[in-house]
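The values are calculated or read from the model by the stated rules, or taken from the named source; none is laboratory data. Computed from a predicted model, the values in this text were never measured in an experiment. Don't worry about glycine lacking a Cβ; one is built from the backbone with ideal geometry, like all the others, and counts go over all protein chains shown. Areas reflect the complete protein model, heavy atoms only, side chains present, ligands, DNA and RNA absent. Shrake-Rupley method; radii C 1.70, N 1.55, O 1.52, S 1.80 Å.
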Amino acid sequence: PRRRLPVNVRCVSSSPAAAYTTKVSRNANIAKLQAGYLFPEVARRRAAHLLKYPDAKIISLGVGDTSEPIPEVITNAMAERAHALSTIDGYSGYGAEQGEKKLRAAIAATYYSDLGIEETDIFVSDGAKCDISRLQILFGSNVKIAVQDPSYPVYVDSSVIMDQTDLYQQDVQKYGNIEYMTCSPENGFFPDLSSVPRTDIIFFCSPNNPTGTASSRDQLTQLVKFAKDNGSIIFYDCAYAMYISDDSPKSIFEIPGAKEVAMETASFSKYAGFTGVRLGWTVVPKELLFSDGHSVAKDFNRIVCTSFNGASTISQAGGLGCLSPEGLEAMQDVVGFYKENTKIILDTFTSLGFNVYGAKNAPYVWVHFPGRNSWDVFAEILEKAHVVTTPGIGFGPSGEGFVRVSAFGHRETIIEAARRLKQLYK
Ligand code: PLP
C-alpha cells in the first residue's frame, strides 16, 4: 500500500516536464505582454522587501489606491439598498445592463448639464478600467491606437491583448504599431500633435496618470481638431476630473465639436473611495459614428449587453448617494483631503530641490531624477526609506528618469513618508 504523507507535506514532481499539459495553445497576444502588469510587479518587490526587513514599517505611495473611509451618507445609501433586497418589495434581480435610469440621469445632470450629453448617452459600469477592456472589444483588432507617453498602462496592455499591436521592441521599449505621444516637461506634458501620425483611436487621459498634469482648454481644442481632421476617435479618461483646481476642462465634451469624435470614461473610485465598491461610467454620444455611418453607441451597447450584466445594484445605490447634495459635498471633502496630502508631498520634494510636476490637478506627484533609471530610484527609496513609489518607466519610455508618488494615504502616513524622504535626500 502507498505510504500516506503527513498532511503538511506536498508531493512535488521531480521534473517540470512531467506536468500534464492540455492541447490548448497559449494566446500569443498575452505572450507578447512584458514582465507583467506594472502594479503587481511593484507589489512583488514590496513583498520581497518585507521578507528582507520583516519589521519595516513600509509606506505605500505606489499603487493609487484610496485610503480614507467612504462618507456615511454614501454607505447609508448602500446599506439601505442592501436591506431592501431582503424584502419582497425591495428585491430586484438583473438590472438594465446600461445602469439604472435614475443614476444615468443623475450623472448626466451632475457632470454634463449644458454639454448636450443625455441620460441615454451614459453607460454605468463597474469601473473605468473594465470599460477600457470592453472598449477594446468594441474596436477589435484592426485599429491602431495612440497613447500619451507616459500613461496609465491599461490602454497599451489591453491593446496588446486585443492583437492591435506588433511585438514589443526591447531597444525602444515600445510595442510595434502603437503611436507613443511623448509628454515631457519640454512640451508641458502635451504632445506635439504636428508630429503625431494619424491613428484610429487616441487614448487621452487628463488629469493624466502618472504625470498629474491636466490639459488646458486650448490644448484640448487642438486635440479635438486633430481628431476631426484625421477622422479619429478620442477615448478620454477623466477618472481624476474632480481633482482639477484650475479652469482646465473636466470633460472633453466641454470642447465644441467633441461629441462627434470622442467618448469619455469616468469613475467614482477616486472621489468616493469606490476602488473596492466599483462604479464608473462611459459616455458615448449619439453623434459619434463609424466610417459607415453606424452609431458607436449602438455597438458599445451590444458589447455591454453581451459581456456585462450591469453594475451591482448596491454600488448603484451608492452612486446615487454620491450624487445627492450631501454626497457631492462629502466627495469634495474626500478629494480635498487627498489634495492636501498632495501638497505635503509636493512641498517635500520641492524643498529638497527636485523638479516636480503634476500635483496641482491630480493626486499624483511626478518627480524628476534626471539621468537615473527609474527602477533604481524606486529601489533606493524602498531600501532606504521603506517607501513604495512607482517607477516612471512602467508608464512608458518617456517615464524613464521619473517616479510617481501617489498622495493616497492617511495624513500621519504621508507626514511620516515626507520625513523619511527628507532624511534620505537632505
Ligand atoms: N483610469 C485611470 C487613469 C486610472 O488611474 C485608474 C485607476 O487608477 C482607472 C482608470 C481605473 O478606475 P476604476 O477603479 O474605475 O476601474
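Side notes on the structure shown:
- Residues of segment 177-220 classified as within 16 Å of the ligand (Cβ to nearest atom), on the phi > 0 side of the Ramachandran plot and over 17 Å from the mean Cα position of the chain (by Cα), total: 1
- Residues within segment 178-220 that are over 22 Å from PRO363 (Cα atoms), touching a Ser or Thr at 6+ places or on another chain (Cβ under 8 Å) and either buried (at least 16 other Cβ atoms within 10 Å of the Cβ) or among the small types (Gly, Ala, Ser) (or both), tallied: 7
- Any chance SER295 is among the hydroxyl-bearing types (Ser, Thr, Tyr) and within 16 Å of the ligand (Cβ to nearest atom): no
- Residue in segment 397-407 that is of a type in the set (Asp, Glu) and in a helix (DSSP H, G or I) present: no
- Considering segment 403-426, the residues that are free of Cβ contacts under 8 Å to residues at least 40 places away in the same chain and open to solvent by 10 Å² or more (accessible area, probe 1.4 Å) include one that is nearest to the chain's Cα centre (by Cα), namely GLU412.
- Here GLY371 meets the list (1) assigned to a loop (DSSP other than H, G, I, E, B); (2) crowded, with 23+ Cβ neighbours inside 10 Å almost entirely, failing just condition (2).
- In segment 288-300, of all residues being in contact with a Ser or Thr (Cβ under 9 Å, 6 or more places away or on another chain) and either open to solvent by 10 Å² or more (accessible area, probe 1.4 Å) or of a type outside the set (A, V, I, L, M, F, W, C) (or both), the one that is farthest from LEU85 (Cα to Cα) corresponds to LEU289.
- Scan of segment 200-228 for residues that are farther than 22 Å from TYR357 by Cα and either in a strand (DSSP E or B) or touching a strand residue (DSSP E or B) at 6+ places or on another chain (Cβ under 9 Å) (or both), ordered by number: ASP200, ILE201, ILE202, VAL224, PHE226, ALA227
- Apart from one condition, ALA47 fits all of (1) part of a loop (DSSP other than H, G, I, E, B); (2) over 28 Å from ASP121 (Cα atoms); (3) aliphatic (A, V, I, L, M); the exception is (1).
- Yes/no for ALA43 being under 27 Å from ASN309 (Cα atoms) and surrounded by fewer than 17 Cβ atoms within 10 Å (Cβ to Cβ): no
- Filter pass, ILE244 being on the phi < 0 side of the Ramachandran plot, in contact (Cβ under 8 Å) with a residue 24 or more places away in the chain, within 16 Å of the ligand (Cβ to nearest atom) and touching a Lys or Arg at 6+ places or on another chain (Cβ under 9 Å): yes
- Any hit, segment 224-239, residues being more than 16 Å from the ligand (Cβ to nearest atom), hydroxyl-bearing (Ser, Thr, Tyr) and open to solvent by 10 Å² or more (accessible area, probe 1.4 Å): no
- First in segment 287-304 and in contact (Cβ under 8 Å) with a residue 40 or more places away in the chain, second anywhere and assigned to a loop (DSSP other than H, G, I, E, B) and open to solvent by less than 30 Å² (accessible area, probe 1.4 Å), Cβ under 6 Å, 6 or more apart: VAL296/VAL284; VAL296/LEU288; ALA297/VAL284; PHE300/VAL284
- Residue within segment 263-280 that is hydroxyl-bearing (Ser, Thr, Tyr), in contact with a helix residue (DSSP H, G or I) (Cβ under 7 Å, 6 or more places away or on another chain) and away from the ligand (no atom under 16 Å from the Cβ) present: no
- Of all residues making up segment 256-284, the number that are buried (at least 24 other Cβ atoms within 10 Å of the Cβ) and either of a type in the set (Val, Ile, Thr) or within 13 Å of ILE233 (Cβ to Cβ) (or both): 9
- Segment 207-230 residues that are under 25 Å from GLY394 (Cβ atoms), paired with ones that are open to solvent by less than 10 Å² (accessible area, probe 1.4 Å) and of a type in the set (Val, Ile, Thr) (beta carbon under 7 Å, 6 or more apart): PRO210/THR390; GLY212/VAL365; LEU223/ILE234
- Tabulated pairs, segment 48-64, first touching a residue at least 60 places away in the same chain (Cβ under 8 Å), second open to solvent by 70 Å² or more (accessible area, probe 1.4 Å) and within 16 Å of the ligand (Cβ to nearest atom), C-beta under 6 angstrom, 6+ apart or interchain: none
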